[in-house]
Amino acid sequence: MRVLFTTYPEKTHFLAMAPLAWALRTAGHEVVFAVQPVFTDVITQAGLTAVPVGGERHLWQLMSRHMHWLPAGVGGLPVPYDAAEWHPGDVTWSYLKDGYELQVSRWHKMSNVPIVADLVEFARSWKPDLVVWEPTTYAGAIAAEACGAAHARLLFSVDSLAVTRAHHLRLMERQPPGDRADPLADWLGGYAHKYGFEFSEELVTGQFTISLLPRSLRLEADLRYVPMRYVPYSGAAVVPSWLREPPGRPRVALTMGLSTADHGAGYVVDLPDVLEALADMDVELVATVSEAARDRLASIPDNARLVPFVPLDALAATCSAVIHHAGFGTLATTALHAVPHLVVPWDGDGPALGRRIAAQGAGLALHPMQATGATIRDRLLRLLNEPRFRHGAALLREEMLAMPTPNELAGDLEDLAAAHRHAPLAGSAIGGG
């Protein structure tokens, strides 16, 4: 097959996609990533082939002027996607309609409009058999439909997008014909008309969804989900010599993730407060902290090692607990090593994933407003001293190991792609944008 991957410029999302891309490539398929020029170096550094599409201006540049328009929803998911976790009876039509109007204009267009035209042009010339797209990079679905390729979302979180969409469709049917607003369908439907095909919900949720979450952590809609085991990959990495030595006492990792560092967000915890609270514990604390943040510290406790970066896959294997923000890569890597989690989520899907980790029994979760040094110390002592958390973490690891690897999934994707491919349609010159 020819397989086209696409994502907006978010490194952590690409890192979750790379193992499947490599599995397909080593199975003999042609694989490329079509991304904006600013992101091609991230792709090629992973040894994969990049095709630049669209302009230099990308989501984070465009959104920087409008972040105040993007309020966090209840539990951290943005409006209206926080409704995915609500009781269906609490979800209202006006909330969803207004939320979609906001997010289509302030988020989805910003991450997709810059690449759609180039991506469609490339897809029609290269003729992929399968397009795999990041769940909000709808340009991938548009390009696939325009060239006749099968296409799938690669999902690495709770499926708040599809569950919210199901609520929207359910409530829209109950509205008078004149009030059945659908901003997402109107926008994507413009591209469908432009490129010569009809809008369908496959533009929103794909023909099928490859899901990296184990079942106990999922939130799903009534769709076709294809499970795939997460494979840790963090890009270029060097394992330091000190990490090769077994720790002399329980090792605890503290990391707030790549996304926080890459986009200049502050830490959700008060780092000096946490370091002070843990200073007299009989643990070795390894904290990934930027050099700038380290330089602002008045002192560093004797039991703490502060480093700008260390491969989490290597670090977590030596740990007795990991304190983290519930970013998917961090959470899944920790889970694969059967290490208990202390989750202090900072935004987006973090709170939803943190609650599921706690409910599954593999760790504890704190609201950021609770995350004082004293509270983190208390929860960490529980993780280290109560065997049930280690047991819960072991069960979560077993659940993940039972999922098919990317290599095992590659053959199934050939069959799925063959079942969903169709003849490309001639384009029109109308609509889109």
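The values are calculated or read from the model by the stated rules, or taken from the named source; none is laboratory data. Small disclaimer: the values here were computed from a predicted structure and weren't measured. Ideal geometry is used to build each Cβ from the backbone, glycine not excepted, and the neighbour counts take in all protein chains shown. Note: accessible area is taken over every heavy atom of the protein model, side chains too, but ligands, DNA and RNA are not part of it. Shrake-Rupley method; radii C 1.70, N 1.55, O 1.52, S 1.80 Å.
With every protein chain kept in the model, how would you rank 288, 372, 26 by accessible area, 1.4 Å probe, largest at the top? Write down the numbers at each step before the final one.
Details: 288 30, 372 60, 26 100 Å².
Correct descending sequence by accessible area is 26, 372, 288.
With a 1.4 Å probe and all protein chains left in place, how much of the accessible area of the chain comes from carbon and sulfur atoms, in whole percent? Can you show the working numbers first?
Numbers: 9310 of 17540 Å².
Percent of accessible area from carbon and sulfur atoms in the chain: 53.
With the cut-off at 1.5 for a/c, could you classify the range 141-236 from its C-alpha gyration tensor as rounded, prolate or oblate?
On the way: a/c = 2.69, a/b = 1.42, b/c = 1.90.
Verdict is oblate for the range 141-236.
On a full-extension model of 0.36 nm per residue, what is the gain between residue 423 and residue 290, subtracting their alpha-carbon distance, rounded to one decimal in nm? Don't skip to the end; give the middle numbers.
Numbers: separation 133, 0.36 × 133 = 47.88 nm, distance 5.06 nm.
Difference between extended and current length: 42.8 nm.
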The FRET efficiency for residue 412 and residue 276, from their Cβ-Cβ distance with R0 = 45 Å and rounded to 0.05, is 0.30
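Tell me the mean residue ellipticity at 222 nm calculated for the chain from its helices only (DSSP H runs of n ≥ 4, each -39500 (n - 2.57), averaged over every residue, nearest 500). Don't skip to the end; give the middle numbers.
Values: 19 runs with 178 residues, N = 433.
Only helices count here, giving -12000 deg cm²/dmol.
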Checking rank on 1-12, 240-251, 99-110, 381-392, with mean other Cβ inside 10 Å and highest first, the result is 1-12, 99-110, 381-392, 240-251
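Taking the inverse of the average 1/r across all pairs of different Cα atoms in the range 125-177, what Kirkwood radius in Å do you get?
Details: mean 1/r = 0.0781 Å⁻¹.
Evaluated over the range 125-177, this radius sits at 12.8 Å.
Shape verdict for the range 335-378, please, from the Cα gyration tensor: rounded (a/c under 1.5), prolate (a/b greater than b/c) or oblate.
Numbers: a/c = 2.09, a/b = 1.25, b/c = 1.68.
Oblate is the answer for the range 335-378, as a/c is 1.5 or above yet b/c matches or exceeds a/b.
Take each of the peptides 224-233, 202-211, average the number of other beta-carbon atoms within 10 Å over its residues, and list them starting from the highest.
Values: 224-233: 18.6, 202-211: 21.5.
Ranked from most to least packed, the peptides come out as 202-211, 224-233.
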Taking only C-alpha positions in the range 197-307, Rg and Dmax in angstrom work out to 20.4, 65
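With charges set only on the Cβ (+1 for Lys and Arg, -1 for Asp and Glu), what does the dipole of the range 323-433 come to about its Cα centre, in debye to the nearest 20?
On the way: 9 positive and 10 negative charges, 116 e Å.
Dipole size: approximately 560 debye.
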Quotient of Cα radius of gyration and Kirkwood radius for the range 275-433, i.e. Rg/Rh, equals 1.14
Nearest-0.05 FRET efficiency for residue 395 and residue 109 at R0 = 35 Å, using Cβ-Cβ distance, is 0.25
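Placing +1 at every Lys and Arg Cβ and -1 at every Asp and Glu Cβ, with all other atoms neutral, what dipole size does the chain have around its Cα centre, in debye to the nearest 20?
220 debye
Order of 160-166, 84-90 by packing, highest average Cβ count within 10 Å first? Show your work: numbers first, answer last.
On the way: 160-166: 22.7, 84-90: 13.3.
Highest to lowest by the protection proxy: 160-166, 84-90.
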Taking the reciprocal of mean 1/r across every pair of different Cα atoms in the range 354-407, the Kirkwood radius in Å is 12.4 Å
Residue-normalised value, i.e. accessible area per residue, for the chain at 1.4 Å probe, in Å², stands at 41 Å²
The Cα radius of gyration of the chain, divided by 2.2 N^0.38 Å with N its residue count, comes to 1.00
Restricting to lysines and to Cα separations under 19 Å from residue 109, and discarding same-chain partners fewer than 8 apart, the set is 97, 194
Computed over the range 244-358, the convex hull of the Cα set has an average projected area, in nm², of 6.9 nm²
Here FRET efficiency (C-beta to C-beta, residue 239 to residue 94, R₀ 51 Å, nearest 0.05) is 0.45
